[in-house]
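Asker: This structure is in structure tokens; I'll ask about it shortly.
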Amino acid sequence: MDCSVSEMNKVFPAANTLEGTELLGEAALRYADTLKKLKVDLDVWVVEYFNEITGDKWVMDYPESERQGGGNPRLRKMGRA
């Protein structure tokens, strides 16, 4: 997705507010598609991302990994890189 911060705020308002923001399920997957993937750790099901527009680092994990299919993904903003 090639857009400005203000455009991203309209599409994903919760993702661009306070540090520590968390997105779950489909919202997490959709927002992750707008980010640059930095690192994948398949052993623990964690993916690190970077928002090239805002400079924020994000981490996707699966906190309910015991559920079928790994459960819902969770995408958390970890602050500026």
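Asker: So Ser65 passes all but one of these: (1) modelled with pLDDT under 90; (2) surrounded by 13 or more Cβ atoms within 10 Å (Cβ to Cβ). Which condition number does it fail?
Answerer: Going through (1) modelled with pLDDT under 90; (2) surrounded by 13 or more Cβ atoms within 10 Å (Cβ to Cβ) one by one, Ser65 breaks only (2).
Asker: Taking the options Gly71, Gly79, name whichever one is out of contact with any strand residue (DSSP E or B) (no Cβ under 8 Å at 6 or more places or on another chain) and either at pLDDT 95 or above or small (Gly, Ala, Ser) (or both). It would help to see each step written out before you state the result.
Answerer: Working: Gly79 fails: out of contact with any strand residue (DSSP E or B) (no Cβ under 8 Å at 6 or more places or on another chain).
Going through Gly71, Gly79 in turn, just one is out of contact with any strand residue (DSSP E or B) (no Cβ under 8 Å at 6 or more places or on another chain) and either at pLDDT 95 or above or small (Gly, Ala, Ser) (or both): Gly71.
Asker: Can you run down the residue pairs with Cβ atoms below 7 Å, 6 or more apart or on separate chains, where the first is in the stretch 30-54 and farther than 21 Å from Arg80 by Cβ and the partner is surrounded by 13 or more Cβ atoms within 10 Å (Cβ to Cβ) and not basic (Lys, Arg)?
Answerer: Close Cβ pairs satisfying both conditions: Val40/Val47; Trp45/Asp61; Trp45/Tyr62; Trp45/Gly70.
Asker: Further question: Any residue in the stretch 40-48 that is at pLDDT 95 or above, surrounded by 11 or more Cβ atoms within 10 Å (Cβ to Cβ), not in a helix (DSSP H, G or I) and not β-branched (Val, Ile, Thr)?
Answerer: Looking through the stretch 40-48, at least one residue is at pLDDT 95 or above, surrounded by 11 or more Cβ atoms within 10 Å (Cβ to Cβ), not in a helix (DSSP H, G or I) and not β-branched (Val, Ile, Thr).
The values are calculated or read from the model by the stated rules, or taken from the named source; none is laboratory data. All figures in this text were calculated on a predicted structure; none of them were measured in a lab. So basically every Cβ, Gly included, is an ideal-geometry build from the backbone, and we count neighbours across all protein chains shown.
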